[in-house]
Every structure is written in structure tokens, then in C-alpha cells.
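The values are calculated or read from the model by the stated rules, or taken from the named source; none is laboratory data. These numbers come from a predicted model, not from an experiment. Neighbour counts are summed over all protein chains in view; Cβ atoms, including those assigned to glycine, are modelled from backbone coordinates with ideal geometry.
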Amino acid sequence: MFNGNNLSLKRLDNDIVEMCFDTSDSVNKLDMATLGEIKQAADILTADKSIKGMIYSSAKDTFIVGADITEFKETFKGTKEALSSSVQSVHDMFNQLEDLPFPKVAAINGFALGGGFELALTAEYRVIAETAAVGFPEVKLGIIPGYGGTVRAPRLMGCDNAVEWICTGKHGKPAEALALGAVDALVPLADLRTAAMAMLDSAIAGDLDFNKRREEKKTPLLLNDMERLMAFTSAGGLVASQAGRNYPAPIAGLKAIEKHSTMTRDEAGKVEIEAFVNLAFTDVASSLVGLFLNEQAVSKKAKTLAASAGKVSYAGVLGAGIMGGGIAYQSASKGVSILMKDIAQEGLDTGMKEAGDLLSKLVKRGRMSPDKMAAALNKIDPTLNYGGVENTEVVVEAVVENPKVKKIVLAECEALMSPDAILCSNTSTIEISDLATALKRPENFCGMHFFNPVHKMPLVEVIRGKQSSDAAIAKVMSYALALGKTPILVNDCAGFLVNRVLFPYLGSANALMKEGVSFEKIDKVMERWGWPMGPAYLQDVVGLDTCDHASKVMADAFPERMNPSFKSAAALLFEAGRLGQKNALGFYQYAPDKKGRIQKLADDKVAALLDGHIDASKEMDDEEIIDRLMVPMALELVRCIDEGIVETAAEADMALIMGVGFPMFRGGICRYIDAMGAQAFCDKASKYSDLGAQYELLDSLKAMAKEGRTFY
């Protein structure tokens, strides 16, 4: 009946039609081309009066994963009127499919997300395979479902269930989807087509009232005034608390559902479209869509760089402890055997305990069986000597952050390794090219900087030293990907990318404390701005001892910008024996709550420890605090791009988001500068030019401002 590039219409027996999606891409997406073909198919179906029923299916492992987000960049660039008209045309088309005078069944064999699930909702019935999942992830992109999802879902699965799915962006597993009424049958994948056809036959025969089911989706929600008030009032507080102040989409989704709950389908669709379009033009949506595209670009580059290296099956880590144990756990849990070497049994015990504790948590949460836990632990080979290192393909050095010690350990290990094996260092600040001077094969050496805690932090910085070979980089990229991490390639310098950019931020916070601004105020302001924790709290989490060491390395490397003329509050607290969360005393004190979760508490002793070392108490408005911290950080990141430490704005932004928790809704530092404009940023930085070299404007930014250019 119709054979397009992305879908086909085929007449089966008994005047049943199958609409099968099969795009040229690896997964089915609702891109503009596919939507155009759906419209052609809908017109054919409308004109053919002989059809008795239709099944939606997919020739791929997924059903439809949603819209093509790469098209959002252009789609969201036009006017609100143009976007509204475009989305309305999709609504009209989906309504046309829904209103066809015969029953329809969607056979959901894999992911049906966003627009893909919205298309499935136009059918009267949905059969899902055990391997599939459905849901609305749109809020994670700063928008809401725009193709009728906020209209049809509440009318099918109940208001409260639909609000939870739409406002949290969660995926519904098959059993939950069935229980809530999002789908009508759950079967093994092998039985999916048979079950869908049987359900369609029942509807055609009249055993299932498909007209009644269709009408349920076209009429107002079946709630009286009191039920509606209770439902949306209780949901409002929960959604607001989970979303936070910086993410408008969840609340907008809730309000849209509430507003159109008393309307018919077509009226309700207009409410949804208005809310969708308004969100699409926010900075948050721009940032989150950009972040998604950046993530794809970074992932693609990492896979390309790793392509020439085979899979790593046996690795090693030197130095157990928390970091070494974390690396060993991550490796073993992903199926890569690892040798864990330390000079002391106590260290090995600590490393094995760290790995065992993390695996036990997976078992307790039902995410791993005890047998698989035992198998994972068996993949860790703890040892006090180098026996077995000759069989490793990649070894990560994770000993104390001291260049002399590291050079000794690296040289010892290299002498015993296979000539083509790759050695790398997990140093957080020391230049890779300096450490390489201790090695006979510096071309087989690079940096592999994990972030703590290893099992939670997605970023790994892979650092190319002056002599690091492409083969070394490829192998370490391959290992990082095998560990489920996102590796980003950076060139060598003190602190690499993330720590080099972080320390101007922390240094500026310490400068404000010296001037008399309370660290509690600074933390609150930056947390409201979007950071998961303020700079004082962050230093406690990192460890005041670690911060003290790293700040000295950075001061030596970049004295004009990172060597303060005063002793910082962080250094004073460290000298007083406070290490942060490590010993429960830092800027704050820490204690477990009833559930064992570590809580941050105020500590009255800190003021006395800092007394006499900081200036008189000083009030400062929020905007100035933000500017004083963010301008030096942004300038340092741009320097790193200018110097080629990192290749692209996308990689730079992703590194800061994944490495130190830069606010996702701001999209990264480059997008933060783009959002205000280069000229506005230059004007902001110029206000503080008398404070030192860390606020000095860069020629590249001046040129960007003059020419009206942006990073993206």
C-alpha cells in the first residue's frame, strides 16, 4: 500500500493492515522525514474504506525511541508561531490516526519513548514485550510531551500515574505499565506479534469495545471538582520538591494536565502545545538539548579514538585503598579481571572491603545476584608483589599523590610489564610528561584520571603526555569505555582540564572568605545558582588535605592566577587537623542520621579557628558572589580551549558537568557564556579587573564579543 524510507503499509489477510517502522538509522526515530511518511500513510488509510484493523510494529529491536533530538536545534531556532504550527500538524495527524474507523493495536517490542510512546497511545490497545519499556523522558530535555502525551496518558492510566511518569521522565517497565493501564497485555517477545494480532481480531469481532476505549481518550478526565483539587494539589508539592527551582518543565507539565483535565482531546491538545512551545524557547531547554547533543558527540569521539584498540580483558591497579578499590570494583563489576597490587596487607584489605561493600549494595538493591557478586569479587586478584603484572594490558597507578613515589612505582611496574602493555597514572594534578621522565617507554604511558567516588562519577580524563602514542590513548579509551565511563581526551598540563578550571573557582571562594564573606552564605548562594554543593562544602567532600596539596601544585604551575597572597580558610582548617568528611570535621562537621546517611552540620568551632586570619564580617549581594566565583572559572576554561588542552566546547562543558557537577540546566560554562553573550560576559569580567590576573580578559573573548560569535 505504501513503501517509504522509514515505514511501510502492508495489507495482510482479512483486510488487516500493518504499519511497520524501519528507518535507515540504527533505531527508529520520529524525525521530520518519518512524520511526513506517517502523514502520507494516514491519508491512504483514511481513503481506504475496506480496512478492518491495523497493527503498529517495528522491524528493529526498538519500537520508536522518540523524536530526533538532533533536529531540535533548528526546530527551536524559529518563532513560537512556527513551532506551534508544526506541532499542531503532528497533533492533527495523530488525531487522524486515532479517529480511523477501525481498531488499532501497537505491538511494542522495545523502547517506545517520548513521541514513540505518544504514537502508540493513538492505538486503542497496546501489547508489550517483556524486553520493552515505555515512558516520557522529555522533562530531561527541559520540555514536556508535545504530541498528545499529556492528554492521552492521564485518560488511560489515571491522572496521578501519568503525572508521575510525565513529570519525572521515568521509564515504565512492562509489568508496571500493564498494572497502570499504559499497556493492555504483556507477553514474551517471541509471542508479541501473535498476541497483538489476537487482540486485534477480538476488537474486530466486537469482543473488545474499541470505540469506547477511543472515546475515553477524547473526553475530559473522570474526576469531580474535589478529586481534581486533591489530585493536583498533592502532586504539585511533590513535583516541585523533586524538580527544584531551576527546572521548569515538570511543573509546566503538571499545570498543563490540570488545565486541560476538563477539556476534550482537541481543546486539551492546544493547551499542551502552548506549554510545550513556551518551554522549548527557554534557556533551560536549550542547555539540556545541547547537553544531550554534546553527550552524543563526546561518546562518538571516544568510540572513534578507541576503535583501533581491542577490548581489555585483564587490567591492573597499583595502590589499593579507597581509590584503588573503587577502580578494582568498577573493573570487576563490568567483567574486566584486574590485578590489585599494594605494598601493605592493610591496603589490600581496604581495597577489597571497598569493592565488597559496593557489590553488596547492588545485591541488597536487587541489581545483582549473590552468585554474580562472588564472580565479580573473583575477578579481583589482590597481591603484595608484581606477580601477574606481565599479563596485564593496562595498569593504572593510583598511589599517593607524590611525584617521587609515583616515578619509583611506575618504573618498577614498567620493567615487569609486557613491552606493548599500557601504563597510566591516576594523578589528579601532576603533569604526565614529568612522570614519563622515569620511564623507558614513555610512548606507552598516559594519564587516566578517575574522579571520586569512582563508581558514581561518570568522567575519566585521558591525558595525552608529550610522548604518549595514539596506541596508548586508544587502549586507555577502550578500557574506560569498558568500565562504563565517559572518557574525554585532554592534553597535558598541571591539573589537566577539570582541576585546572576548578581551582580558580575554589580560590575565588577562599578570597571572598578572606574578605569577610561567610562561607555559609557563599555556599547557599552557589547552591541556589545550581551547584549541587557550595565551594566550602565541596572542599570538605574532596578533602581539605587533597585540596591543600592540589592548590600548591596549581599555584606553582600558574603563579600569576592561582597563588594567593594570603593563607586560605581551607588551609587554616587543614593545619588545625580538619580533613573534611574524611574525619568528619572541615568547614562543617559531619554525622550519620538514623539511616546512616552522612549529614552536614554547622560547627561553632570554625569561627574561632578562622578568627584573626580573615577580615571583618562583610555583606555582599548574591550577584557579586556568583560573578566573583564564576568569572575566573569561565576564563580558565576558555584559556584551556585556546591552548588546546581540550579540543571542543562540547568536551569542555561535558567534563565540568560530569567531573564536578556544574549545573546541568546551564549546559556548561561555554553555553553559560553563550546564554548571556560574549560582550555581556566581557563587561562582567571588566568590573573585577583590578582584583588580579585571574579576572584578566582574553583576546579570544574580546574577538568573540566584537564579531558576535558564540561557542555553539
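Some observations on this one:
- The residues listed here are ALA584, ALA576, ALA571, ALA602; of these, the one that is exposed (fewer than 12 other Cβ atoms within 10 Å of the Cβ) and of a type in the set (A, V, I, L, M, F, W, C) is ALA602.
- For segment 494-515, the criterion of a residue being of a type in the set (Ser, Thr, Tyr), over 18 Å from ILE338 (Cβ atoms) and in contact (Cβ under 8 Å) with a residue 40 or more places away in the chain is satisfied by at least one position.
- Exclusive hit being in the same structural domain as SER261 (by TED's automatic domain parsing) and within 23 Å of GLU138 (Cβ to Cβ), set ALA203, ALA177: ALA177
- Considering segment 532-544, the residues that are in contact (Cβ under 8 Å) with a residue 60 or more places away in the chain and surrounded by fewer than 21 Cβ atoms within 10 Å (Cβ to Cβ) include one that is nearest to the chain's Cα centre (by Cα), namely PRO532.
- Residues in segment 98-110 include none that are closer than 20 Å to LYS270 by Cβ and aromatic (Phe, Trp, Tyr).
- Matching entry among ALA252, ALA190 (being closer than 26 Å to SER85 by Cβ, in the same structural domain as GLY135 (by TED's automatic domain parsing) and of a type in the set (A, V, I, L, M)): ALA252
- Every residue from segment 447-463 that is assigned to a strand (DSSP E or B) and either in contact with a Pro (Cβ under 7 Å, 6 or more places away or on another chain) or surrounded by fewer than 21 Cβ atoms within 10 Å (Cβ to Cβ) (or both): VAL460, VAL462
- Annotation note: of ASP690, ASP674, the sole residue that is surrounded by 22 or more Cβ atoms within 10 Å (Cβ to Cβ), of a type outside the set (A, V, I, L, M, F, W, C) and out of contact with any helix residue (DSSP H, G or I) (no Cβ under 8 Å at 6 or more places or on another chain) is ASP674.
- Test: LEU656 is within 30 Å of the chain's Cα centre (by Cα), in a helix (DSSP H, G or I) and either assigned by TED's automatic domain parsing to the domain that holds GLU527 or under 24 Å from SER565 (Cβ atoms) (or both): no
- Set side by side, the residues VAL454, VAL409 differ, and just one is closer than 12 Å to VAL395 by Cβ, of a type outside the set (Asp, Glu) and touching a residue at least 40 places away in the same chain (Cβ under 8 Å), which is VAL409.
- Candidate set from segment 15-49 (those that are touching a residue at least 24 places away in the same chain (Cβ under 8 Å) and of a type in the set (Lys, Arg)); member that is nearest to ASP99 (Cα to Cα): LYS39
- Residue match in segment 620-631 (condition: in contact with a strand residue (DSSP E or B) (Cβ under 7 Å, 6 or more places away or on another chain) and in the same structural domain as GLY577 (by TED's automatic domain parsing)): no
- When residues of segment 218-277 are limited to those that are β-branched (Val, Ile, Thr) and over 25 Å from the mean Cα position of the chain (by Cα), the one modelled with the lowest pLDDT: THR233
- Segment 307-328, residues that are β-branched (Val, Ile, Thr) and out of contact with any Asp or Glu (no Cβ under 6 Å at 6 or more places or on another chain): VAL317, ILE327
- Flag if ALA132 is buried (at least 24 other Cβ atoms within 10 Å of the Cβ), touching a strand residue (DSSP E or B) at 6+ places or on another chain (Cβ under 7 Å) and farther than 30 Å from ASN246 by Cα: yes
- Some residue of segment 370-392 being within 22 Å of VAL462 (Cα to Cα) and at pLDDT 90 or above: yes
For every residue, the table says whether it meets (1) in a helix (DSSP H, G or I); (2) modelled with pLDDT of 95 or more; (3) closer than 30 Å to ALA309 by Cβ; (4) touching a strand residue (DSSP E or B) at 6+ places or on another chain (Cβ under 9 Å).
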position	(1), (2), (3), (4)
TYR479	yes, yes, yes, yes
LEU489	no, yes, yes, yes
PHE503	yes, yes, no, no
ILE522	yes, yes, no, no
MET526	yes, yes, no, no
ASP540	yes, yes, no, yes
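- Wholly within segment 203-285, helices (runs of 4 or more DSSP H) carrying at least 3 residues that are polar (S, T, N, Q) and out of contact with any Asp or Glu (no Cβ under 9 Å at 6 or more places or on another chain): 225-243
- Some residue of segment 94-105 being crowded, with 24+ Cβ neighbours inside 10 Å, modelled with pLDDT of 95 or more and under 27 Å from the mean Cα position of the chain (by Cα): no
- Count - residues of segment 350-372 that are free of Cβ contacts under 8 Å to residues at least 24 places away in the same chain and within 30 Å of LEU423 (Cβ to Cβ): 2
- Residues located in segment 452-478, provided they are touching an Asp or Glu at 6+ places or on another chain (Cβ under 8 Å) and within 22 Å of TYR329 (Cα to Cα): LYS475
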